[in-house]
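Shown next, in structure tokens, is the structure this report addresses.
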Amino acid sequence: MEMYRESAELFRSEGDGRSLHATIRQTELLCVLHEYAMAFNLYNEVIIPETQSQEILQYTTRDHILNAILAHLGATHGDWIVFEKDLEMFEEKCSDFHGSRGQSVLRRLAKAMRDHDAVAFQEGCQEFDRLRSGGMVDWQVGMLLGEKRKLEEGDLL
């Protein structure tokens, strides 16, 4: 992870576009290591603004927003109120995200949690899994399974 951080800094200092790629890899690794707060900060402060500002990368912004929101859910230990605030924030920041399939899936997950509906939550997770051709990555699966378990056990605090 340290190598990705250092390479991103080096590339950035030289004005090299590979700095974003290194930062994305660093952030993915942070999520795998459950360092969600650091990952969220990198998504929010570096990755999302940079992908939004580069026309060729704008199509990736929505995926990064999904990852950022889930990373923040992990950082807050399953605070669904913060989750919904993140949704609103990113809807305002990124017009492409507002009304997207990913945004609607995350909204359904939040509603299922509010309604204490484990079946709807599971259906939302399955739909989230279908958003990407390869499905959810392991850290997302683990996090959402943990949230589902809390929902089923009634341990939402």
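Every read-out reported here was derived from the displayed coordinates using simple, explicitly stated rules and does not represent laboratory data. No experiment lies behind these values; they were computed from the predicted model shown. Backbone-built Cβ (ideal geometry, glycine too); neighbour counts: all protein chains shown.
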- Message: So for region 40-56 (the condition being touching a helix residue (DSSP H, G or I) at 6+ places or on another chain (Cβ under 7 Å) and loosely packed, with under 15 Cβ neighbours inside 10 Å), does at least one residue qualify?
- Response: no
- Task: Evaluate region 108-119: report whether one residue or more is in contact with a helix residue (DSSP H, G or I) (Cβ under 8 Å, 6 or more places away or on another chain) and under 19 Å from E28 (Cβ atoms).
- Result: no
- Note on the structure: Reported set for region 88-99 where residues are buried (at least 19 other Cβ atoms within 10 Å of the Cβ) and either of a type outside the set (F, W, Y) or out of contact with any Asp or Glu (no Cβ under 7 Å at 6 or more places or on another chain) (or both) is F90, C94
- Item | Residue in region 60-74 that is surrounded by the fewest Cβ atoms within 10 Å (Cβ to Cβ), counting only those that are touching a residue at least 12 places away in the same chain (Cβ under 8 Å) and not aliphatic (A, V, I, L, M) | D63
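In region 100-115, what residues are part of a loop (DSSP other than H, G, I, E, B) and touching a residue at least 24 places away in the same chain (Cβ under 8 Å)? Give the steps one after another, and end with the answer.
Looking only at region 100-115, we keep the residues that are part of a loop (DSSP other than H, G, I, E, B), and these are 100, 115.
Result: S100, single match.
Looking at the structure I just gave you, is W139 under 21 Å from H21 (Cβ atoms) and touching a helix residue (DSSP H, G or I) at 6+ places or on another chain (Cβ under 7 Å)? Walk me through it before giving the result.
Details: under 21 Å from H21 (Cβ atoms): yes; touching a helix residue (DSSP H, G or I) at 6+ places or on another chain (Cβ under 7 Å): yes.
Yes; evaluated as a whole, the condition is true for this residue.
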- What are the residues in region 116-141 that are loosely packed, with under 15 Cβ neighbours inside 10 Å, assigned to a helix (DSSP H, G or I) and either in contact with an Asp or Glu (Cβ under 6 Å, 6 or more places away or on another chain) or not polar (S, T, N, Q) (or both), if any? V119, D138, V141
